[in-house]
Amino acid sequence: MAVNLAPWTMKSGTWPNRRQRHAVRLKAAVTREDGAILTSDVSDLSLDGCCLSGHFRIGEQIQLTIPRIGKLSAEIRWAFMGRAGARFISSIPRTPGPP
């Protein structure tokens, strides 16, 4: 079955560069704009964003608290069938490598 991706292509005709994604299974506390806090599963983590489980609105600003990573601000960029893509507004802090 062929899938028509034309409706999702970027105006420039190219996809934006993406950083390497990592398949993870983490739990995060999500604070919504109205102050409600919920738990979400995090997957496909990169330095720029992640995939979340749950129902979100495109454009919604959220705060994520991910164990061993910390607190991050993010914006929901897409949402479909109980999953959503979040782009970090504040990036994941990098740990210094060995000297």
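The values are calculated or read from the model by the stated rules, or taken from the named source; none is laboratory data. If you're wondering where the values come from, they're calculated on a predicted model, not measured in any experiment. Virtual Cβ from ideal backbone geometry, glycine too; neighbours counted across all protein chains shown.
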*Within region 58-68, can one find any residue that is charged (D, E, K, R) and without any contact (Cβ under 8 Å) to a residue 12 or more places away in the chain?*
yes
*Please work out which residue is farthest from residue 83 (Cα to Cα), limiting yourself to region 36-56 and to residues that are at pLDDT 95 or above and part of a loop (DSSP other than H, G, I, E, B).*
36
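For region 12-23, does any single residue satisfy the condition of being assigned to a loop (DSSP other than H, G, I, E, B), of a type in the set (D, E, K, R) and modelled with pLDDT of 90 or more? Break it down stepwise before answering.
Initial filter on region 12-23 (assigned to a loop (DSSP other than H, G, I, E, B)): 12-21, 23.
Those still in the list that are of a type in the set (D, E, K, R) too: 18-19, 21.
Restricting the remaining residues to those that are modelled with pLDDT of 90 or more gives none.
For region 12-23, residues assigned to a loop (DSSP other than H, G, I, E, B), of a type in the set (D, E, K, R) and modelled with pLDDT of 90 or more: absent.
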_Being at pLDDT below 90 and either more than 11 Å from the chain's Cα centre (by Cα) or surrounded by fewer than 12 Cβ atoms within 10 Å (Cβ to Cβ) (or both): is that true of residue 65 here?_
no
